[in-house]
Amino acid sequence: MSDREQKYKMIGLNIAYYRKLKGLSQMKLAEAVGLSRTYISNIEAPGMPIAISLDALLDIAETLDIPAYKLLDFHDL
């Protein structure tokens, strides 16, 4: 896995972590940010590193009520 793919994977894992902390399902998060549940699922899936737009990342952070930088925390890399 390339360095970029590893970072996308970490973003997805961070989204999943904060989504669960907030008590939201993937469907509820998807509805709140105007994305499909499948897209949210693909972002969060560790085996499917997928690119995410800055707009989507900011919308997700806002919905989860966290600063966007927390989704970009790659402390485990």
When segment 1-37 is checked residue by residue, the ones that are modelled with pLDDT under 95 and either more than 19 Å from K70 (Cα to Cα) or among the acidic types (D, E) (or both) are M1, S2, D3, E5
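Out of segment 58-70, which residues are closer than 16 Å to L24 by Cα and either assigned to a helix (DSSP H, G or I) or in contact with a Ser or Thr (Cβ under 6 Å, 6 or more places away or on another chain) (or both)? Break it down into steps so the answer makes sense when it comes.
Step one: filter segment 58-70 for residues closer than 16 Å to L24 by Cα, giving 59-66.
The answer is D59, I60, A61, E62, T63, L64.
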Sort out which residues of segment 12-40 are of a type outside the set (A, V, I, L, M, F, W, C), over 13 Å from A56 (Cα atoms) and not in a helix (DSSP H, G or I), and write them in order of number.
K22, G23, S25
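Taking segment 38-72, which residues are modelled with pLDDT of 90 or more, of a type outside the set (A, V, I, L, M) and within 15 Å of L13 (Cβ to Cβ)?
Taking segment 38-72 as the starting set, the residues that turn out to be modelled with pLDDT of 90 or more are 38-45, 52-72.
Among the residues that remain, those that are also of a type outside the set (A, V, I, L, M) are: 38-39, 41-42, 44, 53, 55, 59, 62-63, 65, 67, 69-70.
Across segment 38-72, the qualifying residues are S41, N42, E44, K70.
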Can you tell me which condition D55 does not meet? The list is (1) touching a residue at least 24 places away in the same chain (Cβ under 8 Å); (2) part of a helix (DSSP H, G or I); (3) surrounded by fewer than 16 Cβ atoms within 10 Å (Cβ to Cβ), and all the others hold.
(1)
How do the pairs read when you match residues in segment 19-35 that are of a type in the set (G, A, S) with residues anywhere that are part of a helix (DSSP H, G or I), using Cβ under 6 Å and keeping only pairs 6 or more apart or on different chains?
A30/R37; A30/I40; A32/T63
Test set (1) among the β-branched types (V, I, T); (2) more than 19 Å from M1 (Cβ to Cβ); (3) outside any loop (DSSP other than H, G, I, E, B) - I43 fails condition number
(2)
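The values are calculated or read from the model by the stated rules, or taken from the named source; none is laboratory data. Everything quoted here is computed from the prediction, not taken from an experiment. Here Cβ is always computed from backbone atoms with ideal geometry, including for glycine, and neighbour counts include all displayed protein chains.
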